[in-house]
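As structure tokens, the structure follows; a few thoughts come after it.
The values are calculated or read from the model by the stated rules, or taken from the named source; none is laboratory data. This one's a predicted model, so the numbers in the text were calculated from it and none came from an experiment. Ideal geometry is used to build each Cβ from the backbone, glycine not excepted, and the neighbour counts take in all protein chains shown. The accessibility values were calculated without ligands, DNA or RNA, using every heavy atom of the protein model including side chains. Shrake-Rupley method; radii C 1.70, N 1.55, O 1.52, S 1.80 Å.
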Amino acid sequence: MGGGPAAGGGRGGGLRRNAVWAFTGAILASVVWTGTVVLVPGIVDGGSASAAKSVRGYHAVDRICDAGKLTAFRGKYKMVDNYPLEHTGRSESMDVMRCYALMKRTPDGSETPEYATLDIRAELHKAVDSVPEFAAVRHYFEQQKYEITDAPGLGEEAYFAYGDEPTSTDKTFHDINYYLQVRDGAMTYSLYWTDNYQVGKNHTLDRETVRKAMLDDTRDMLKAIGGP
């Protein structure tokens, strides 16, 4: 979860700057979890095997983005070479699936590509109760003043968190951060999409288009790992 690569129009540095944004995004993905632990420290040491919920039909796959296809986002963007990056870790207490991608598109009438990042993480909590952690992450978004709306039809609970804010160095550049968080039994899932724009110079995909792509690809992802 976290910050995004440069989106076209008038910004120098090309892929080099976009790579910096992508790296920042990967770092901020960990910040959400760190902030959660600070807000609710008991979630890291108060769990027990007896509190764990069922993983239901969910199971770990080696390449979650390949399994889930990413049809909606791939219909609007192309993967940058060597992406997506995918990793899976399995243990007795938790399985983790991770996919990270740098993507680009070239809007009609433009010669400059626009970039965005996609970060997906699915976890199967086999030893502790996932509910307090999931609630703590939502609390983190609330404290950061993200706009939160329900995402119906996914798991036991699901929501969007959305933020649009200027960067610290140049107020005309805005970061746009979308999160889709899902919990279903002991399975927790996060899709993070980030983009950015410069006021008056370039634009991103409209908000509803991104939300629909997030929902469509998430449904495919969850089915790929054994969901309903």
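Annotations for the structure displayed:
- Heavy-atom accessible area ranking, 1.4 Å probe, most first, across ARG90, ARG211: ARG90, ARG211
- Normalised by the number of residues in the range 89-128, the average gap of Cα pairs under 8 Å and 6 or more apart makes the relative contact order 49 percent.
- Applying a DSSP loop filter and a limit of 10 other Cβ atoms within 10 Å to the chymotrypsin sites (Phe, Trp or Tyr not before Pro) in the range 88-165 leaves nothing.
- With all protein chains kept in place, the per residue accessible area of the range 106-219 amounts to 43 square angstrom at a probe of 1.4 angstrom.
- Among the trypsin sites (Lys or Arg not before Pro) found in the range 96-199, those both in a DSSP coil and sparsely packed, with 14 or fewer other Cβ atoms within 10 Å of their Cβ, are LYS145, LYS171.
- Solvent-accessible area, 1.4 Å probe, carbon plus sulfur percent, for the range 60-156: 45
- By a 1.4 Å probe calculation restricted to protein chains, GLU147 has an accessible surface near 90 Å², given to the nearest 10.
- For THR71, neighbours were defined as the other residues whose beta-carbon sits under 14 Å from its Cβ, and their charges (Lys and Arg +1, Asp and Glu -1) total +3.
- A Förster distance of 22 Å, applied to the separation of the beta-carbon atoms of ASP220 and ARG90, puts the FRET efficiency at 0.50.
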